[in-house]
Amino acid sequence: MELEKFSYDNKIVKYFAVATIFWGIVGMTVGLLVALQLVFPQLNFDFAPTTFGRVRPIHTNAVIFAFVGNGIFTGVYYSLQRLLKARMFNDALSWLHFWGWQFIILCAALTLFMGFTTSKEYAELEWPIDIMITLIWVVFGVNMFGTILKRRERHLYVAIWFYIATFVTVAVLHIVNSMEIPVSLFKSYSVYAGVQDALVQWWYGHNAVAFFLTTPYLGLMYYFVPKAANRPVYSYRLSIVHFWALIFIYIWAGPHHLLYSTLPDWAQSLGVVFSFTLIAPSWGGMINGLLTLRGAWDKVRESVVLKFMVVAVTAYGMATFEGPMLSLKNVNAIAHFTDWIVGHVHVGALGWNGFLTFGMLYWLFPRLYNRPLYSNKLANFHFWIGTLGILFYAIPMYFSGFTQSLMWNQFTEEGMLKYPNFLETVLQIKNMYALRALGGVFYLSGVIVMTYNLAKTAALGSFIKEEFAEAPALAKVYVPHSSDTWHRVIERRPIQLLILSLVVILIGGMVELIPTFMIKSNVPTIASVKPYTPLELQGRDIYIREGCNTCHSQLVRPFRSEVARYGEYSKSGEYVYDHPFLWGSKRTGPDLQRVGGKYPDSWHFNHMDDPNTMSPGSVMPKYPWLIDHQLDISSTPAKINALRKVGVPYPKGYEDIANDDLMKQAKVIQGNLKKDGIEIVEDREIIALIAYLQRLGTDIKAENKE
């Protein structure tokens, strides 16, 4: 058969690789700043854009979507061409994808610094950026499927199955979770509220981990580990079971983030069952990866690439064992809202995603630049300092998490909380935060050493922009063999594989989401719960802007310790007007669901101006600009209109008089502050924030008094 000559596009791979390294350093540096802010609060710099609440989502977005995202595209663009024996479908689409993705990252950083956020975990970006993400993701999908359709290799290797599942599932997750009503260019409200919003968000949030941080990296594992070891994948059959079981089961697991919440029990139970079941396919993938190296352990000792990959696959196994354990209700009761979860997440991020990316880069650069790696000693130093960084990060977070949970739940012999002041817990674990920051220094140091090593490799080598290859054209007519299994047939039909993957991932989502939205009894209402007043609404948006939900939850779980500490446990009907929900995922500070009326207005004023005046030793930033900044009330009518569209029962025409009510309530708070010796104009942002905080939990209190 006559061979066709073509070339692989290495330039796009190089650009994504360089972007991976650049954003990795940026994201990890910001992460180190975040870690240090909890040890040295003065590093918030009393400046709005650099406070913990704004910087922390910049760190998570930079690491997930910039570092890991570019790492995914680096590996996909390199491996896809070679697995299919075809150049990428369209060079222009490749570059549109690259520059579009970098522009999105830049927009994300700028808007988050400025406080434009939806507050949703891993989905904080506002609606114009959501639209850009959708368009660039489509560009990536068209380019990928165009390449698949013009391939010269009939069989689709297992890595490509994971790439296809990633594309289709991330598209579904992003679109469903990003449904919002715009108020202005940089402000929107989720179309979902309360319990429903929480379920959609964590259906997205958990599966963003599954289908952005896991499935594409499993595809990279199935390509780069065999390449680095020069051995075939251990088991083809196991890879089939791994793929289909993983994408079917993973999509059900989101509700385990909402255990002991007001989410209906049946949804919580589904999340627990499927989360625990995830151990099987996850460990199947880990075993398949590690056993690929059977008989090649001498190579592992000698090859820094394989060292990184072995630790990466092992970290994947550890994280996917710990995750199902954390989804069990008795374990979740201990771990949720604590630093244990932070440690768990970073075992996956630093070990699985980080180390597999580093191993891939160390393998790629010598091939892209046609010369050996500049220094194996530096690469080995990176491996060991990075491993030490993971240990120094994760172990203190486990100790910190256990300490938090034990102190929160400790009672005296007289039946009183032993540590009623939440701050006692924070002061107890500051040393653990310092050790965590040291781990970050180690890990980041390794990345900087890698950057130097790869830069020297590139400088001393000669970049292969076009890698020429040849292969026979794919026969236009395929005659199936009688021995072909059903899966062998599917592997040769990419559109059918795409559709089947879509059906498999939709089943779990539909079973969990549809009843929660369609059956009213799943979210019962409470008559005393009313929409936020205009001033409270503006205050809530300031609360979101400053990222307060990053440290404070608004969910009192039905535990003796939480009821004793915070008050009556939360009810689903309390949240029916919360667009978006603000339950939080970590308690660096106390829960605020029942804070309304607990302190006078002056306490909140002083606490926001300088937290240490009210809570000595607090690690909370200062917010003096809230006292200086005038509240922008021009947006009030648009906000009222937008919320009415998503079901909040503001009377028709209320937007025309809303600001009159706003100023009346502001003057009441101004008067309360004046009685305590605080002189301030009624149109300051701090007034609105106080109004919101004083509202929290008071509706249910009013009902209990009746």
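The values are calculated or read from the model by the stated rules, or taken from the named source; none is laboratory data. None of these values were measured; they are calculated from a predicted model. Here the Cβ positions follow ideal geometry from the backbone for every residue, glycine too, while neighbour counts run over all protein chains shown.
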Within segment 554-568, restricting attention to residues that are in a loop (DSSP other than H, G, I, E, B) and in contact with a Phe, Trp or Tyr (Cβ under 8 Å, 6 or more places away or on another chain), which residue is farthest from P524 (Cα to Cα)? F559
If you check every pair at least six apart or on different chains, which have Cβ atoms under 8 Å apart with a residue in segment 453-464 that is among the aromatic types (F, W, Y) first and a residue that is crowded, with 16+ Cβ neighbours inside 10 Å second? F463/N10; F463/K14; F463/L368; F463/Y369
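Table: residues versus (1) assigned by TED's automatic domain parsing to the domain that holds A228; (2) within 25 Å of G348 (Cβ to Cβ); (3) over 28 Å from the mean Cα position of the chain (by Cα).
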site: L364; (1), (2), (3): yes, yes, no
site: R367; (1), (2), (3): yes, no, yes
site: H382; (1), (2), (3): yes, yes, no
site: T387; (1), (2), (3): yes, yes, no
site: S405; (1), (2), (3): yes, yes, no
site: F422; (1), (2), (3): yes, no, no
site: V426; (1), (2), (3): yes, no, no
Would it be correct to say that V209 is of a type in the set (V, I, T) and either modelled with pLDDT under 95 or not assigned by TED's automatic domain parsing to the domain that holds V305 (or both)? yes
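When you check L80 against the structure, is it part of a helix (DSSP H, G or I), over 23 Å from W363 (Cβ atoms) and touching a residue at least 12 places away in the same chain (Cβ under 8 Å), yes or no? Break it down into steps so the answer makes sense when it comes.
Working: part of a helix (DSSP H, G or I): yes; over 23 Å from W363 (Cβ atoms): no; touching a residue at least 12 places away in the same chain (Cβ under 8 Å): yes.
No, not satisfied.
Give V272, V304 a once-over and let me know the one that is farther than 30 Å from L513 by Cβ and of a type in the set (A, V, I, L, M, F, W, C).
Numbers: V272 fails: farther than 30 Å from L513 by Cβ.
Just a single option satisfies the conditions, and that option is V304.
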State whether one or more residues within segment 527-534 are in contact (Cβ under 8 Å) with a residue 60 or more places away in the chain and basic (K, R). yes
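Being out of contact with any Pro (no Cβ under 6 Å at 6 or more places or on another chain), farther than 29 Å from I334 by Cα, surrounded by fewer than 24 Cβ atoms within 10 Å (Cβ to Cβ) and of a type outside the set (F, W, Y) is true for just one of L356, L378. Which residue is that? Lay out the reasoning, then the answer.
Working: L356 fails: surrounded by fewer than 24 Cβ atoms within 10 Å (Cβ to Cβ).
Selected residue: L378, the only one of L356, L378 that is out of contact with any Pro (no Cβ under 6 Å at 6 or more places or on another chain), farther than 29 Å from I334 by Cα, surrounded by fewer than 24 Cβ atoms within 10 Å (Cβ to Cβ) and of a type outside the set (F, W, Y).
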Wholly enclosed helices (runs of 4 or more DSSP H) of segment 337-446 bearing at least 2 residues touching a Gly at 6+ places or on another chain (Cβ under 9 Å) and closer than 30 Å to G219 by Cα: 339-346, 355-368, 376-408
Restricting attention to segment 263-291, the residues that are surrounded by fewer than 22 Cβ atoms within 10 Å (Cβ to Cβ) and among the hydroxyl-bearing types (S, T, Y) number exactly 2
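Any chance segment 520-529 includes a residue that's in a helix (DSSP H, G or I), at pLDDT below 90 and farther than 20 Å from D578 by Cβ? Show your work before the answer.
Initially, segment 520-529 is screened for residues in a helix (DSSP H, G or I), giving 520-522.
With the extra rule that they be at pLDDT below 90, the set shrinks to 520-522.
From what is left, the residues that are farther than 20 Å from D578 by Cβ are none.
No.
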Answer with yes or no whether L460 is in contact with a Lys or Arg (Cβ under 7 Å, 6 or more places away or on another chain), aliphatic (A, V, I, L, M) and in the same structural domain as F392 (by TED's automatic domain parsing). yes
For segment 234-254, indicate whether the set of residues that are surrounded by fewer than 17 Cβ atoms within 10 Å (Cβ to Cβ), assigned to a loop (DSSP other than H, G, I, E, B) and touching a helix residue (DSSP H, G or I) at 6+ places or on another chain (Cβ under 8 Å) is non-empty. yes
Does segment 302-317 contain any residue that is more than 18 Å from F383 (Cβ to Cβ) and in the same structural domain as I164 (by TED's automatic domain parsing)? yes
Number of the condition not met by G401 [criteria: (1) free of Cβ contacts under 8 Å to residues at least 60 places away in the same chain; (2) touching an Asp or Glu at 6+ places or on another chain (Cβ under 9 Å)]: (1)
Checking S602 against (1) under 20 Å from Y575 (Cβ atoms); (2) surrounded by 15 or more Cβ atoms within 10 Å (Cβ to Cβ); (3) among the small types (G, A, S), the condition it does not meet: (1)
Looking at the structure I just gave you, is V55 outside the structural domain of W625 (by TED's automatic domain parsing), crowded, with 20+ Cβ neighbours inside 10 Å and either within 24 Å of V138 (Cβ to Cβ) or basic (K, R) (or both)? no
Any chance segment 213-226 includes a residue that's touching a residue at least 24 places away in the same chain (Cβ under 8 Å) and within 21 Å of A335 (Cα to Cα)? no
Of A455, A475, A471, the only residue that is surrounded by fewer than 17 Cβ atoms within 10 Å (Cβ to Cβ) and assigned to a loop (DSSP other than H, G, I, E, B) is A475
All but one of (1) over 21 Å from the mean Cα position of the chain (by Cα); (2) assigned to a helix (DSSP H, G or I); (3) aliphatic (A, V, I, L, M) hold for A312; which doesn't? (1)
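Conditions (1) surrounded by fewer than 22 Cβ atoms within 10 Å (Cβ to Cβ); (2) β-branched (V, I, T), marked per residue:
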position: S618; (1), (2): yes, no
position: K622; (1), (2): yes, no
position: S634; (1), (2): yes, no
position: P637; (1), (2): yes, no
position: I640; (1), (2): no, yes
position: D656; (1), (2): yes, no
position: Q665; (1), (2): yes, no
position: Y692; (1), (2): no, no
